[in-house]
Amino acid sequence: MTRLRRSDVARDDGSAVVEFVVLAVMIMVPLVYAAVVVLKVHSATYAAVTAAREAGRAYVTADTTSAASARARSAARIALADHGLPEPNLSIACVDGTCLAPGSGIRVEVRTEVPIPFSPFGDGRSVIPVSAIHQTRVDIYRRG
């Protein structure tokens, strides 16, 4: 039977700590990165929904269609800027009838892109598209 010398046993002391640190870093870094990306996309989705809702509200409370478009674009831009997102791609369509007639509907769609943090690509491939649609009605008691 072979006897273990004290020097043979001492060579392995501390290696478990090193292995734990290396494995923890290898597992935790990708998990933290994935969480950051998911949170950024969630924040952008919330911003797009808010921008669409506020653009719809601003549109239906305006007096003219030209003023309504300007107000809607401004409201969407402000809502997305609060979340640090770029200028939105905004489309507004009348659902039925004249746009600002009492009881008519307005459909607002906001599209934007979320840049992926710490992405190695700088050529536009490192974005995630986000969009939101909101439909609202003009007040039926509005003067037409």
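A few remarks follow.
- Restricting Ala70, Ala55, Ala34 to residues that are within 20 Å of Ser91 (Cβ to Cβ), part of a helix (DSSP H, G or I) and under 19 Å from the mean Cα position of the chain (by Cα) narrows the list to Ala55.
- Counted as qualifying within the range 78-144 are the strands (runs of 3 or more DSSP E) with 1 or more residues that are under 12 Å from Ala44 (Cβ atoms), free of Cβ contacts under 8 Å to residues at least 24 places away in the same chain and touching a Pro at 6+ places or on another chain (Cβ under 8 Å), namely 127-137.
- Evaluation of Pro102 against (1) at pLDDT 90 or above; (2) surrounded by 14 or more Cβ atoms within 10 Å (Cβ to Cβ); (3) more than 14 Å from Thr50 (Cα to Cα) (one fails), failing number: (1)
The values are calculated or read from the model by the stated rules, or taken from the named source; none is laboratory data. Worth saying up front: this structure is predicted, and the values here are computed from it rather than measured. FYI the Cβ positions are ideal-geometry reconstructions off the backbone, even for glycines, and counts take in every protein chain you see.
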